[in-house]
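Beneath this line is the structure, given in C-alpha coordinates, with notes to follow.
The values are calculated or read from the model by the stated rules, or taken from the named source; none is laboratory data. What you see is a predicted model; the values in this text were computed from it and never measured. Note that each Cβ is placed from the backbone with ideal geometry, even for glycine, and that neighbours are counted across all protein chains shown. Side chains are part of the model used for accessible areas, which takes the heavy atoms of the whole protein and leaves out ligands, DNA and RNA. Shrake-Rupley method; radii C 1.70, N 1.55, O 1.52, S 1.80 Å.
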Amino acid sequence: MTGKGIGAIGAVGPWVLAVVLSGCIVIPLPESAVGKVPFAIPLRLGGGPATAPAGPVPAPRCAPAAGTERFAAATLAAANRQRAAQGLGPLRRVARLDVAAQDQACDIAARQKVGHRGPDGRGLTRRVGDAGYGWSFVAENTGLGDQPERAFDLWMASPGHRANLLNPRVTEAGFGLALASGGQAGWGMVVAAPR
(Lines give C-alpha, C1' and ligand atoms only; values in the text may rest on other atoms or scores of the structure.)
Protein backbone atom coordinates (compact mmCIF):
# COMPACT_ATOMS: atom_id res chain seq x y z
CA MET A 1 0.00 0.00 0.00
CA THR A 2 1.45 3.36 -0.95
CA GLY A 3 -0.31 5.44 1.65
CA LYS A 4 -3.34 4.75 3.80
CA GLY A 5 -4.00 8.32 4.69
CA ILE A 6 -2.55 11.76 5.02
CA GLY A 7 -3.47 14.69 7.18
CA ALA A 8 -2.64 18.39 7.08
CA ILE A 9 -3.10 21.04 9.66
CA GLY A 10 -2.36 24.72 9.42
CA ALA A 11 -2.28 27.32 12.13
CA VAL A 12 -2.67 31.02 11.52
CA GLY A 13 -3.45 34.05 13.69
CA PRO A 14 -7.14 34.64 14.44
CA TRP A 15 -8.52 31.91 12.21
CA VAL A 16 -10.86 29.07 12.99
CA LEU A 17 -10.22 25.51 11.94
CA ALA A 18 -13.10 23.48 10.53
CA VAL A 19 -12.49 19.76 10.77
CA VAL A 20 -14.10 17.19 8.53
CA LEU A 21 -13.74 14.29 10.92
CA SER A 22 -14.06 11.42 8.47
CA GLY A 23 -11.13 12.56 6.33
CA CYS A 24 -8.90 14.35 8.82
CA ILE A 25 -9.01 17.45 6.62
CA VAL A 26 -8.40 20.78 8.30
CA ILE A 27 -9.56 23.91 6.51
CA PRO A 28 -8.73 27.42 7.79
CA LEU A 29 -11.78 29.67 7.88
CA PRO A 30 -12.28 33.27 9.00
CA GLU A 31 -13.88 33.61 12.44
CA SER A 32 -17.01 35.03 10.80
CA ALA A 33 -17.71 31.54 9.43
CA VAL A 34 -18.05 29.95 12.90
CA GLY A 35 -21.48 28.44 13.29
CA LYS A 36 -21.98 28.24 9.53
CA VAL A 37 -19.76 25.20 9.03
CA PRO A 38 -20.39 21.81 10.66
CA PHE A 39 -17.63 20.76 13.06
CA ALA A 40 -16.15 24.28 13.27
CA ILE A 41 -13.80 24.46 16.22
CA PRO A 42 -12.60 27.90 17.36
CA LEU A 43 -8.85 27.74 17.84
CA ARG A 44 -6.93 30.99 18.32
CA LEU A 45 -3.25 30.54 17.73
CA GLY A 46 -0.72 33.23 18.38
CA GLY A 47 2.51 31.52 19.24
CA GLY A 48 4.34 29.36 21.69
CA PRO A 49 6.85 30.13 24.40
CA ALA A 50 8.66 33.44 23.83
CA THR A 51 12.02 31.74 24.17
CA ALA A 52 13.07 28.14 23.98
CA PRO A 53 14.34 26.54 27.17
CA ALA A 54 18.11 26.54 27.62
CA GLY A 55 18.08 22.85 28.55
CA PRO A 56 18.57 19.84 26.32
CA VAL A 57 16.11 18.86 23.62
CA PRO A 58 13.55 16.49 25.18
CA ALA A 59 13.36 12.87 24.04
CA PRO A 60 10.44 11.89 21.80
CA ARG A 61 7.81 9.41 23.01
CA CYS A 62 9.28 6.61 20.91
CA ALA A 63 12.60 6.19 19.16
CA PRO A 64 12.75 7.21 15.52
CA ALA A 65 12.55 4.22 13.18
CA ALA A 66 15.46 3.07 11.08
CA GLY A 67 15.33 5.17 7.94
CA THR A 68 14.20 8.35 9.70
CA GLU A 69 17.32 10.26 8.69
CA ARG A 70 16.95 9.15 5.07
CA PHE A 71 13.23 10.11 5.11
CA ALA A 72 14.00 13.50 6.68
CA ALA A 73 16.90 14.31 4.34
CA ALA A 74 15.00 13.30 1.18
CA THR A 75 11.82 15.14 2.20
CA LEU A 76 13.71 18.27 3.23
CA ALA A 77 15.69 18.29 -0.03
CA ALA A 78 12.51 17.82 -2.11
CA ALA A 79 10.69 20.55 -0.17
CA ASN A 80 13.59 22.95 -0.61
CA ARG A 81 13.74 22.26 -4.36
CA GLN A 82 10.04 23.06 -4.67
CA ARG A 83 10.38 26.13 -2.46
CA ALA A 84 13.29 27.40 -4.58
CA ALA A 85 11.21 26.90 -7.74
CA GLN A 86 8.56 29.12 -6.15
CA GLY A 87 11.10 31.78 -5.13
CA LEU A 88 10.85 30.83 -1.43
CA GLY A 89 13.68 30.43 1.05
CA PRO A 90 14.82 26.99 2.17
CA LEU A 91 13.69 25.21 5.31
CA ARG A 92 16.28 24.19 7.86
CA ARG A 93 15.90 21.20 10.15
CA VAL A 94 15.46 21.88 13.86
CA ALA A 95 15.81 19.19 16.55
CA ARG A 96 12.93 20.49 18.70
CA LEU A 97 10.56 20.26 15.73
CA ASP A 98 11.86 16.72 15.11
CA VAL A 99 10.62 15.82 18.61
CA ALA A 100 7.14 17.23 17.92
CA ALA A 101 6.93 15.41 14.56
CA GLN A 102 8.26 12.16 16.03
CA ASP A 103 5.72 12.25 18.87
CA GLN A 104 2.86 12.38 16.36
CA ALA A 105 4.46 9.73 14.14
CA CYS A 106 4.60 7.49 17.25
CA ASP A 107 0.89 8.02 17.92
CA ILE A 108 -0.05 7.41 14.27
CA ALA A 109 1.98 4.19 14.11
CA ALA A 110 0.62 2.92 17.43
CA ARG A 111 -3.02 3.65 16.57
CA GLN A 112 -2.71 2.96 12.81
CA LYS A 113 -4.80 6.06 12.28
CA VAL A 114 -3.80 9.40 10.75
CA GLY A 115 -4.47 12.45 12.88
CA HIS A 116 -3.09 15.51 14.55
CA ARG A 117 -4.09 14.83 18.15
CA GLY A 118 -2.67 12.04 20.27
CA PRO A 119 -4.67 9.80 22.59
CA ASP A 120 -3.61 12.05 25.47
CA GLY A 121 -5.34 14.98 23.76
CA ARG A 122 -2.14 16.80 22.81
CA GLY A 123 -2.45 18.58 19.50
CA LEU A 124 0.19 20.16 17.31
CA THR A 125 0.67 23.39 19.25
CA ARG A 126 0.96 21.55 22.57
CA ARG A 127 3.50 19.07 21.15
CA VAL A 128 5.59 21.86 19.66
CA GLY A 129 5.44 23.83 22.92
CA ASP A 130 6.31 20.73 24.98
CA ALA A 131 9.37 20.29 22.74
CA GLY A 132 10.44 23.79 23.81
CA TYR A 133 10.04 25.49 20.45
CA GLY A 134 8.86 29.11 20.49
CA TRP A 135 6.75 29.60 17.37
CA SER A 136 4.86 32.36 15.60
CA PHE A 137 3.40 29.97 12.99
CA VAL A 138 3.25 26.18 12.90
CA ALA A 139 1.68 23.59 10.61
CA GLU A 140 1.90 19.82 10.22
CA ASN A 141 1.62 17.16 7.52
CA THR A 142 1.16 13.54 8.59
CA GLY A 143 0.70 10.15 6.98
CA LEU A 144 0.40 6.41 7.42
CA GLY A 145 1.60 3.85 4.91
CA ASP A 146 4.17 1.35 3.78
CA GLN A 147 6.20 3.82 1.74
CA PRO A 148 7.02 6.97 3.69
CA GLU A 149 9.53 7.84 0.98
CA ARG A 150 6.47 8.78 -1.12
CA ALA A 151 5.24 11.21 1.55
CA PHE A 152 6.46 14.30 -0.26
CA ASP A 153 4.77 13.33 -3.53
CA LEU A 154 1.51 12.57 -1.71
CA TRP A 155 1.66 15.87 0.17
CA MET A 156 2.40 17.86 -2.99
CA ALA A 157 -0.66 16.30 -4.68
CA SER A 158 -2.92 17.55 -1.86
CA PRO A 159 -3.72 21.30 -1.78
CA GLY A 160 -3.64 21.62 2.03
CA HIS A 161 -0.38 19.73 2.44
CA ARG A 162 1.19 21.58 -0.48
CA ALA A 163 0.20 24.90 1.09
CA ASN A 164 1.98 23.91 4.30
CA LEU A 165 5.15 22.91 2.43
CA LEU A 166 5.20 26.07 0.31
CA ASN A 167 4.07 28.51 2.98
CA PRO A 168 6.27 31.61 2.67
CA ARG A 169 6.14 32.19 6.45
CA VAL A 170 7.83 28.94 7.46
CA THR A 171 11.61 28.67 7.74
CA GLU A 172 12.17 25.57 9.88
CA ALA A 173 11.07 21.94 9.84
CA GLY A 174 11.16 18.72 11.81
CA PHE A 175 10.50 15.11 10.83
CA GLY A 176 9.28 11.91 12.46
CA LEU A 177 8.99 8.28 11.37
CA ALA A 178 7.75 5.44 13.58
CA LEU A 179 6.93 1.77 13.06
CA ALA A 180 4.46 -0.42 14.90
CA SER A 181 4.77 -4.17 15.20
CA GLY A 182 2.75 -5.67 12.37
CA GLY A 183 1.49 -2.27 11.23
CA GLN A 184 2.33 0.46 8.80
CA ALA A 185 4.70 3.35 9.38
CA GLY A 186 3.47 6.64 10.81
CA TRP A 187 5.24 9.73 9.51
CA GLY A 188 5.08 13.46 9.87
CA MET A 189 6.64 16.80 9.13
CA VAL A 190 6.21 19.94 11.23
CA VAL A 191 6.97 23.30 9.61
CA ALA A 192 7.20 26.50 11.60
CA ALA A 193 8.39 30.05 11.91
CA PRO A 194 10.18 30.84 15.18
CA ARG A 195 8.85 33.49 17.49
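Report note on the peptides 189-195, 93-99: ranked by the mean count of other C-beta atoms within 10 Å, highest first, their order is 189-195, 93-99. Take 63-70, 162-169 and order them by the average number of nearby Cβ atoms within 10 Å per residue, most first; the result is 162-169, 63-70.
As a fraction of the 1.4 Å probe accessible area of the stretch 93-178, surface on carbon and sulfur atoms comes out at 50 percent.
Given the peptides 105-111, 116-122, arrange them by the average over their residues of other C-beta atoms within 10 Å, most packed first.
So the peptides 105-111, 116-122, ranked by packing, come out 105-111, 116-122.
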